[in-house]
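The values are calculated or read from the model by the stated rules, or taken from the named source; none is laboratory data. What you are looking at is a predicted structure, and each value in this text was computed from that prediction instead of being measured. All Cβ positions, even for glycine, are placed from backbone atoms using ideal geometry, and neighbour counts span all protein chains on display. SASA here: full protein model, heavy atoms, side chains in, ligands and nucleic acids out. Shrake-Rupley method; radii C 1.70, N 1.55, O 1.52, S 1.80 Å.
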Amino acid sequence: MHTLLHLLLLMMFSLSILHGDDQTSAQTTEAVKPVKEKSYIAISAIPEQASSTLIAIGEIGKLLTEGEDVLEMNAVIPSYMSSLQEMLDDPLYEHLDTQDLKSIDELRQRWVIYLKQLKKWQSVIKSRLQVYDENRVTLVKSTSLWSETHINANAKQAPASIQDHIASVLIKIETLNNTTKANYDMLLSDAQIISDRLLQINTRMGQLQEAKEKSLSNIFVVDSAPFLALLQTTPFDLSNYMGLIIHSLTTFYQNVSIYLTSNSSNLYNFLGYMLFIIIIVTYLYVSNYRGRLFPERLSSDDTQFAFIHRPVSTAIILMVFSSMFIFTERSTDFKHFQVLLIVIPTALLLSNVVHRRLMPYIYAFFALYVIHFLEAGVSDHGPMDRISALLLILMMSTLLCLAQRQKKYIDKSDMSALFRYSSTFSFLLCGLLLTSFVANLYGTVALSDRITALVFTTLAVIMIFYILIHILSGLMIVFIRKRIVHAPPVIQEQAQRLERNVVGLMTLAVVAWWVLIIVNIFGAKGMLLEWGASLLANSWQLGGLTVSVEGVFNFFEILTITWLIARLVRVILALEVFTRFKFPRGVPTAISTMSNHTIFVIGTIAALSTLGITMQEFALIGGALGVGIGFGIRNIVANFVSGIIMLFERPVQIGDTIEVNNTMGS
């Protein structure tokens, strides 16, 4: 019996193995084919899931509903692109070599504004398409899920109400899909059109840049008839000349308005800066009026703090200065607009700084600067244009000579630094004006205009930057000296030294800025940057170390910044920390000295790293230093370490009276 049972079990096991092999082979064959996973919602969960799906679809529908700004953009784009296409097809671009530099700059700045608008639209469309892409995936999954659910419900003969509910959900999803598809296609079409226009505009911008470089390289070319020949062949037309000036002013106003409109997002940041500046200037003026601003040793009558007496002019100059950092991509017309805004405030502040005998000449210069601005807007090289340019050169030369004559009536102690060393500079400017006068007579009008612009811009920028340095340094000195009025003499001396260093660096930075402006007038900025990059790229090999000019420059730059930070931290600790918190005697000295040493160590390591010195080289330097300590600088290192130990242990503190080898001292 048992044998029979064993035989039956063995037969069943064999059959199961054979059957299993067949199933395995069948599964292997089917595994090659993709298996569609069936997912659907259980019939019992359909009512609840349908409600949540409809709510989710409603939220997606709100999210994918375009706002008025996008719809308005879509409505404006066709006409906007049509006008852009007309500008792009302007035959003017086939004859750019005949255009003057001012016209080329105006065209280029106009394209910059259009580029900014197109890139703004492109950014909006890109973000909207990303939202569509994310939500369309959700809609596709929902469509698949509810379609499978509908098939399953039909197969299981679900109630008619359930099937109707499923059908309504599918209709809602399909409707939203169709709407989404239409909006998605609309945005894709807009994106394609904008991309095409951006490519065309960039091509035109490249052509304008080439034309500008060519125009800058051709300033020595005779581009007009000699002055006497022009008078004989061309009649005077004063009304036409005045019409050109009015047209130039109208174009200037339109360009500034367009620039501000296209940069409206930056206006809110500018308003914040304006509010901050108004609060600071008002606080200084009111505090000075009440006699609370200066300690007894300082007075607002000092010319260094003259800006406090003219809060409106000071606020306008600081606002314009801050706008340079807010409106980074400024057009040429907007730059001129900024300068014109601060002409009067600068003249008023200079009246509190320079000698009164010089003020009529400064007022006359700014009046001539405004006339130069109006005259520069006309570039037809006609008789009236040439005569006005020549008269302007003569008046500017006369003004410089008369201003220099006032030196003999002014005591040197009453002269400002702006005027004390101006004789050589005025002689140079008069030489440039003479060159401009001769160039205009000869017919190289472009060269003459460039030199005249250089002289006016140089003088205007010097005066504006002089007042700017005056304001910024005065603000810093007021803040620091108000904090150190009750500080020890040592701290006051350190703070005043810090003032001089910061003012010196500020002056150096402003002078460098002025040089860049002058270089940019002659279009040599790109060439200068290219030359600077090639100079900084030079390097040489010192053993296994590669040292570059850029590394050396960065080395000294980091050391200078480290030195300033160390001094600033020392003053801040003495004024803001040690006066507010009570420390044991000697602890402030230890903290100040150790922080100073720490900053210098970190700065030195950072500076050396710019030279390419890695930690391996530091280890070699440490080994060499160890050898040096053993041979000769043992006492120096021992004294340094002893000083550090004394800082922490404080056996001797500042103010103690000590006696060493019968020598007593404090």
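Just the projected area, averaged over all directions, of the convex hull on the alpha carbon atoms of region 123-202: how many nm²? Present the calculation step by step, with values, prior to reporting the outcome.
On the way: hull surface 23.1 nm².
Result: a mean projected hull area of 5.8 nm².
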Table column - 3J(HN,Hα) (Hz), region 158-165, Karplus curve with 6.51, -1.76, 1.60, x for Gly and Pro: 5, x, 4, 5, 5, 5, 5, 5
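Express the Stokes-Einstein translational diffusion coefficient of region 149-297 in µm² s⁻¹, to the nearest whole number, given a Kirkwood radius over alpha-carbon pairs, 4 °C and a viscosity of 1.567 mPa s. Walk me through the numbers on the way to the answer.
Working: Rh = 25.6 Å.
Approximately 51 µm²/s, per Stokes-Einstein.
Hey, if we sort 103, 44 by accessible area with the 1.4 Å probe, largest down, what's the order? Provide the component values of the computation, followed by the final result.
Values: 103 30, 44 105 Å².
Highest to lowest solvent-accessible surface, that is 44, 103.
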If the limit is 32 Å between Cα atoms, which of 116/172; 212/407; 116/212; 335/408; 120/335; 119/172 go over it? 116/172; 212/407; 335/408; 119/172
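Before anything else, pin down the relative contact order of region 59-196: Cα pairs under 8 Å, at least 6 apart, normalised by residue count, whole percent. Please list the in-between numbers first.
Numbers: 41 pairs, mean separation 49.8, N = 138.
That works out to 36 percent.
Using R₀ = 45 Å, calculate the FRET efficiency as 1/(1 + (r/R₀)^6) where r is the Cβ-Cβ separation of residue 44 and residue 265; round to 0.05. Could the numbers behind the result be given before it?
Working: r = 54 Å, r/R0 = 1.20.
Rounded to the nearest 0.05, the efficiency is 0.25.
Share of region 419-473's accessible area from carbon and sulfur, percent, 1.4 Å?
On the way: 1610 of 2060 Å².
Carbon-and-sulfur percentage of accessible area, whole number: 78.
May I ask for the net charge around residue 180, where only other residues with Cβ less than 12 Å from the Cβ of residue 180 are counted and Lys, Arg are +1 while Asp, Glu are -1?
Numbers: positive: 128, 136, 181; negative: 66, 133, 134, 174, 185.
Summing Lys/Arg as +1 and Asp/Glu as -1 gives -2.
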Please work out the FRET efficiency for the pair residue 210 and residue 282, using the Cβ-Cβ distance as r and a Förster radius of 45 Å; give the result to the nearest 0.05. 0.35
Residue 411 accessible area, 1.4 Å probe, all protein chains in place, Å² to nearest 10: 90
Of the candidates 151, 224, 192, the farthest towards the positive dipole end of region 103-248 (Lys/Arg Cβ +1, Asp/Glu Cβ -1, centred on the Cα centre) is 151
Counting pairwise Cα distances across region 334-478, what percent come out greater than 23 angstrom? 39
Give the calculated FRET efficiency between residue 593 and residue 55 to the nearest 0.05, with a Förster radius of 60 Å applied to their Cβ-Cβ distance. 0.35
With region 229-346 reduced to its Cα atoms and the Debye formula applied, log10 I(q)/I(0) at q = 0.12, 0.15 1/Å amounts to -0.64, -0.81
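Rank these by accessible area, largest first, 1.4 Å probe: 595, 52. Walk me through the numbers on the way to the answer.
Working: 595 30, 52 55 Å².
Highest to lowest solvent-accessible surface, that is 52, 595.
Order 170, 358 by their accessible area, 1.4 angstrom probe, all chains in place, largest first. Can you show the working numbers first?
Details: 170 45, 358 15 Å².
Ranked from most to least accessible, the order is 170, 358.
Counting only Cα atoms, I'd like the Rg/Rh figure for region 222-293, Kirkwood definition for Rh.
Details: Rg = 24.5 Å, Rh = 17.6 Å.
Taking Rg over the Kirkwood Rh, I get 1.39.
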How long, wide and thick is region 301-340, going by the Cα atoms along their three principal axes, in whole angstroms, largest first? 39, 17, 14
Near residue 78, within a Cβ-to-Cβ distance under 15 Å, what is the net charge of the other residues, with Lys and Arg +1 and Asp and Glu -1? -3
Karplus-derived 3J(HN,Hα), 6.51/-1.76/1.60, for each residue of region 565-572, Hz, glycine and proline x: 5, 4, 5, 5, 4, 4, 5, 5
Please compute the modelled spin-label separation between residue 171 and residue 233, points set 7 Å along Cα→Cβ, answer in nm with one decimal. 8.3
Starting from the 7 Å offset along Cα-to-Cβ, what nm value, one decimal, do you get for the label separation of residue 68 and residue 659? 9.2
